[in-house]
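Step one of this worksheet: look at the structure below.
Taken together, the values in this text are just the output of simple stated rules run on the coordinates, not laboratory data. This one's a predicted model, so the numbers in the text were calculated from it and none came from an experiment. Using ideal geometry, Cβ is built from the backbone for each residue, glycine included, and neighbour counts are taken over all protein chains shown.
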Amino acid sequence: MAIYSTNEFKAGLKVMLDNDPCAIIDNEFVKPGKGQAFNRVKIRNLKTGRVIERTFKSGESLEGADVVDVEMQYLYNDGEFRHFMVQDTFEQYQADSKIVGDANLWLKDQDFCTITLWNDTPLAVTPANFVELQIIETDPGIRGDTSGGGGKPAKLETGAVVRVPLFVQQDEVIKVDTRTAEYISRVKD
Amino acid sequence: MLNSWQPACSSTQLHQRAQLFQQIRAFFAERQVLEVETPLLGHGSGTDPHLDFFTTTYNAPSTPATLYLQTSPEFAMKRLVAAGSGDIYQLCKAFRNNESGRFHNPEFTLLEWYRVGFNLTMLMDEVDELFAHMFHLQPLNPSQRLRYQDVFYHYTQLDPLHFCYASYCDYASSHKIAEAISLCQHSHSLWLDFIFSHKVQPHLGSHALCMVYDYPACQAALARLNPAEPRCAERVELFINGIELGNGYFELTQANEQRQRFEQDRQYRQTYNLPTLALDERFLAALTAGLPDCSGMAIGLDRVLMVLTNMHCIDDVLAFPVSRA
């Protein structure tokens, strides 16, 4: 794997730090006029999601991390693992609930999502920004309400619960932003 | 690439810069300080281990020679003072390799001046007047003068003049900079650079000029040591809004001591595999001939413009930062 020096650190670069794959978020050059130059680096641990700050002597280097994002189709859940497939190659990957994390709230069979692979092993699962899911449980709406104000909880087919306007009914399919877990609109067939 | 022929900064910035230069020239003209020019390209350069220089080859008539782009005009200006020039100032470019970032461009503009017979207090008085002059349209809060030891202790409860490795390590561990331990090891000066730049400097000079003086002797650079407190050097640094703007000394005039410091720098460079260079014998000869007691200050004008115009990045005040140069 390539070696990257502090002056090559920029947002998005994937490197190994403390044996974990990490992504650089920000890199600031800090140098007292007459002193040692440092790079103050903001970095996200891709395993834990935690963001930390770490200072390096300018010119130090880190090993690159073999981390890639691959679009895959979600196939099924066998109880222990969820299974995904790369469309072009039919290559399949499996990920346990720890790796799938909150993405499981939005994964519907056949839907596409992004799998982050580290050394060809799934590291994280990111659902599509927008998904369309059916409501399986919600209170009946109050007649005449079309404003979208207020709202009520609605349980979706994947188990996620989102707030929807009062006029949205059970069994309807809605579009949701997975980044904020917010209702966007009804989906007409 | 399509737009990269255009300047990075606005045309307002060009005017601000021109105005700043005019103000500075008027300030020194009124005080009868002479404007001078010294070479950007010289046979020697500073030996400061933390300054990386650009080199080029001069195809001289007899034998080709290595020349250096100056990291500061300091040595040449001191040679003028030693030759009897009296008070002098210069607005010039300086070059430092491997420096780029929000506050750094490898080529930048310096104001540097020397005042014969000034001690550090007199120099700080003049710096105060200069900043009042440069910021007269948007006055700063009252300026502060803080001793390095006091301000360091205030923010860290550590004594910068006494290197206690164990307490420095404890501090690093409990203040989210544990990497300092392996990075700085047993180098007092490196620890001071790390802790000062991360934990002290960001607090200095809230829309005010903050002058930090009496630097620890291990960071004396080209300043003389304080005779009353030899653990301190007569060096001052300037900060506004946590940004380092300038550096000044009650200048070291002893040729022998200067030669020793050069040798120390050279050894450090050898130990850490940094490029070495010949000592600037012309500068040392000037000190031997006699540099009168004087104080000198260098101020980074691009950063002054950043503060004057509230810009976030040095590129915002440069017509053509290195990426467009």
Extreme residue, positive dipole direction of chain A, given options A:Gln36, A:Gly159, A:Gln73 (C-beta unit charges): A:Gln36
Residue (of B:Pro39, B:Phe54, B:Leu67) at the positive-pole extreme of region B:21-83, dipole from beta-carbon charges: B:Pro39
Just tell me how shielded B:116-127 is by partners: mean number of partner chain Cβ atoms within 10 Å of each residue's Cβ, no decimals. 0
Please compute the modelled spin-label separation between B:Gln23 and B:His43, points set 7 Å along Cα→Cβ, answer in nm with one decimal. 4.1 nm
Out of B:Leu51, B:Leu137, B:Leu161, a Gaussian network model of chain B with alpha-carbon springs under 10 Å gives the largest mean-square fluctuation to B:Leu137
Applied in sequence order to region B:137-147, the curve 6.51 cos²θ - 1.76 cosθ + 1.60 (Karplus, θ = phi - 60°) yields integer Hz couplings, x standing for Gly and Pro, of 7, 9, x, 7, 5, x, 6, 10, 10, 10, 6
Taking loop as defined by DSSP and a crowding limit of 16 other beta carbons within 10 Å, which trypsin sites (Lys or Arg not before Pro) in region B:219-325 fit? B:Arg324
Label point at B:Ala319 placed 7 Å out along Cα→Cβ; residues across region B:57-87 whose backbone nitrogen lies under 12 Å: none
Rounded to the nearest whole number, the Stokes-Einstein translational diffusion coefficient of chain B at 20 °C and 1.002 mPa s (Kirkwood radius, C-alpha pairs) in µm²/s is 102 µm²/s
B:Asn241-B:Thr288 FRET efficiency (beta carbon distance; Förster radius 51 Å; 0.05 resolution): 0.75
Suppose each label sits 7 Å from its Cα in the direction of the beta carbon; what would the B:Glu281-A:Thr114 distance come out to in nanometres? 6.2 nm
Pairs A:Lys47/A:Lys108; A:Lys34/B:Lys199; A:Lys14/A:Lys42; A:Lys98/A:Lys175; A:Lys10/B:Lys176: which are spaced more than 19 Å apart, C-alpha to C-alpha? A:Lys47/A:Lys108; A:Lys98/A:Lys175; A:Lys10/B:Lys176
Where does region B:164-296 land on Rg(C-alpha)/(2.2 N^0.38 Å)? 1.20
Hey, can you list the DSSP H helices of chain B whose Cα span along the axis is 15 Å or longer and whose average Kyte-Doolittle score is at least -0.5? B:11-30, B:120-134
D for the protein assembly as shown, whole µm²/s, Stokes-Einstein with Kirkwood Rh over alpha-carbon pairs at 10 °C and 1.306 mPa s: what number? 58 µm²/s
Based on the alpha carbons, how large is the Rg to Rh ratio for chain A when Rh follows Kirkwood? 1.12
Would you tell me the mean number of C-beta atoms belonging to other protein chains that fall within 10 Å of each C-beta in B:187-195, as a whole number? 3
Assuming R0 = 35 Å, can you tell me the calculated FRET efficiency for the pair B:Arg259 and B:Arg145, based on Cβ-Cβ distance, to the nearest 0.05? 0.65
Residue of B:Met211, B:Met311, B:Met297 that the Gaussian network model of chain B assigns the largest fluctuation, springs spanning Cα pairs under 10 Å: B:Met311
Could you work out the mean count of beta carbons from other protein chains within 10 Å of each residue's beta carbon in A:32-45? 6
Distance in Å, no decimals, from the C-alpha centre of region B:301-321 to the one of region B:228-286 is 27 Å
